[in-house]
1. Output the qualifying pairs, or none if there are none: Cβ atoms under 9 angstrom, residues six or more apart or on different chains, first residue in the stretch 206-219 and outside the structural domain of PRO25 (by TED's automatic domain parsing) and under 14 Å from THR26 (Cβ atoms), second residue modelled with pLDDT of 95 or more and among the β-branched types (Val, Ile, Thr).
2. Any residue in the stretch 53-82 that's modelled with pLDDT of 95 or more: show its pairings with residues that are exposed (fewer than 12 other Cβ atoms within 10 Å of the Cβ) and outside any loop (DSSP other than H, G, I, E, B) at Cβ separation under 9 Å, as long as the two are six or more apart or on different chains.
3. Please specify each residue of the stretch 143-165 satisfying the condition of being surrounded by fewer than 23 Cβ atoms within 10 Å (Cβ to Cβ), within 18 Å of VAL87 (Cα to Cα) and not charged (D, E, K, R).
4. Looking for whichever is under 22 Å from ALA91 (Cα atoms) and touching a strand residue (DSSP E or B) at 6+ places or on another chain (Cβ under 8 Å) here; the options are VAL172, VAL144. Which one fits?
5. Output the residues belonging to the stretch 12-35 that are within 18 Å of PRO143 (Cα to Cα) and buried (at least 19 other Cβ atoms within 10 Å of the Cβ).
6. I'm trying to understand the selection: among the residues of the stretch 223-244, which are loosely packed, with under 11 Cβ neighbours inside 10 Å and not in a helix (DSSP H, G or I)?
7. Restricting attention to the stretch 111-146, report how many residues are more than 18 Å from THR57 (Cα to Cα) and out of contact with any Gly (no Cβ under 6 Å at 6 or more places or on another chain).
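The values are calculated or read from the model by the stated rules, or taken from the named source; none is laboratory data. Nothing here was measured: the structure is a model prediction, and the numbers come from that model. With ideal geometry, Cβ positions are generated from the backbone for all residues, glycine too; neighbour counts draw on all protein chains shown.
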Amino acid sequence: MQANAAANGVLTDEIRQLLAGVAVPTVVSILYRKGLRGMMMQAPKALNPSATRLLGTAFTVRTIPVREDLVEATARGERPNLQAEAVARIAAGEVMVVAMEGETRTAFMGDIMTTHFLAKGVAGVVLDGGVSDAAAIAGIALPVFCCGTAGTPVTSHRLVVELQGSIGCAGVPVFPGDVILGDANGVVCIPAHLVAEVARTAAEREAFEAWVIAKARGGRSLAGLYPANEATMREYEAARAGGVRRQVT
């Protein structure tokens, strides 16, 4: 599978640096123009407003509606505990992406697991379901994007059935190794094989828009400035050639 093949080493130091200053809407716009029109996760929201910047490769977890006999089999040790396995297997720099089909009556994780992930170096968590101890998680410096809160364990309504397979989270297809980018605007999934191209395009877009904002702040009319006409683009290129350093905000 292309996404899996590209997973190893997809986030090089160069790509991380390029994406570090890129806003989610910029990436969404670029992907949209490439024909990928449903890559932004609309529903999950960040619990900690001071911990919204998220960047890492996807470690995927798929859940289905609970079946009690399988929960009991897991408790007896007759079936692997895939939730515990996911916690053990996820590596530093990865983002756990959990598919829960919008189920918020149950919690996949709480503040203890969140604290463990932070200590382990996990980049963050995105799930289209609920968490517990949301108030406590909101004070932990790990980006956690979710859809609601609940006090019951995940097995009350969901069953983890697969790790590192293709999933749909908040209506977005996610493959292991895809790049997950989050900020205060939301979360976007970048297919692994497009990451380098998207990162470079997005960084250039941010540089141009920073230049445009500086002109607008100086009182310049938006007519011909944004969207830019040919004269504006020539002016921008001349400014760059004249030694204006790229500014990524």
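1. Here the result reads GLU206/VAL22; GLU206/THR26; GLU209/THR26; VAL212/THR232, each pair linking the stretch 206-219 to a residue that is modelled with pLDDT of 95 or more and among the β-branched types (Val, Ile, Thr).
2. Hits for this filter: ASN81/ALA75.
3. Hits for the stretch 143-165 are PRO153, THR155, LEU159, VAL161, LEU163, GLN164, GLY165.
4. From the options VAL172, VAL144, the qualifying one is VAL144.
5. If the condition is that a residue be within 18 Å of PRO143 (Cα to Cα) and buried (at least 19 other Cβ atoms within 10 Å of the Cβ), then LEU19, VAL22, ALA23, VAL24 are the ones that fit.
6. ALA223, PRO227, GLY242, GLY243
7. Going through the stretch 111-146 one residue at a time, the tally reaches 15.
To keep it simple, each residue is scored yes or no on (1) surrounded by fewer than 14 Cβ atoms within 10 Å (Cβ to Cβ); (2) of a type outside the set (Phe, Trp, Tyr); (3) within 30 Å of ALA136 (Cα to Cα).
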residue	(1), (2), (3)
ARG37	yes, yes, no
ASN48	no, yes, yes
PRO65	yes, yes, yes
GLU78	yes, yes, no
